[in-house]
1. Give the order of 79, 47 when sorted by the count of other beta carbons within 10 angstrom, beginning with the fewest.
2. Quick check on the chain: of the DSSP beta bridges with both residues there, what percent are antiparallel, nearest 5%?
3. How much length is gained on full extension from residue 100 to residue 81, taking 0.36 nm per residue of separation minus their Cα-Cα distance?
4. Write down the radius of gyration of the range 3-126 and its Dmax, each obtained from C-alpha positions, in Å.
5. Order of 126, 22 from fewest to most other C-beta atoms within 10 Å?
6. Starting from the 7 Å offset along Cα-to-Cβ, what nm value, one decimal, do you get for the label separation of residue 7 and residue 40?
7. Hey, with R₀ at 22 Å, roughly what FRET efficiency would residue 71 and residue 108 work out to, going by the Cβ-Cβ distance, to 0.05?
8. Quick one: 18, 93, 101, fewest Cβ neighbours within 10 Å first, how do they rank?
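Computed from the coordinates by the stated procedures, all read-outs in this text should not be read as laboratory data. Because the structure is predicted, anything quoted here is derived from the model rather than measured. Using ideal geometry, Cβ is built from the backbone for each residue, glycine included, and neighbour counts are taken over all protein chains shown.
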């Protein structure tokens with residue numbers, strides 16, 4: 001089971017709670033939640049890496065990269081406004097490595113629980129302590 005740490009203020013607004021739930025769904029392999037809350041034409045851009053388009057390839061790659069070897073998820077900050085949201089945190093993996101991440105989300109609309117239509121990920125491998 002993945003250990004999950006979230007700052008208390010990360011859930012004090014409906015859209016912040018939605019972003020938190022989406023990230024938790026990624027690491028817990030909750031494909032049904034991810035499928036329900038993303039658009040068919042979703043695009044995932046990994047800065048300095050690949051760009052993937054379409055629900056099936058994006059969700060498959062997200063699950064593979066964010067869940068298979070993750071042992072701990074920490075979310076430090078979630079900020080949302082209108083069509084956009086940002087989450088910043090870290091992932092610890094079974095092999096002892098840690099990755100800091102910042103995901104920028106673009107929603108289909110500004111309403112709460114609007115599906116995600118784009119994600120841009122900034123990720124940095126951190127040195128082992």
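1. Numbers: 79 15, 47 11.
Ascending Cβ contact count within 10 Å gives the list 47, 79.
2. So the antiparallel bridges in the chain amount to around 80 percent.
3. 4.6 nm
4. Spelled out, the Cα radius of gyration and Dmax of the range 3-126 are 13.3, 39 Å.
5. The order, fewest Cβ neighbours first, is 126, 22.
6. Reported label-point gap for residue 7 and residue 40 is 3.8 nm.
7. Calculated transfer efficiency: 0.10.
8. Values: 18 22, 93 14, 101 17.
By the 10 Å Cβ count, ascending, the order reads 93, 101, 18.
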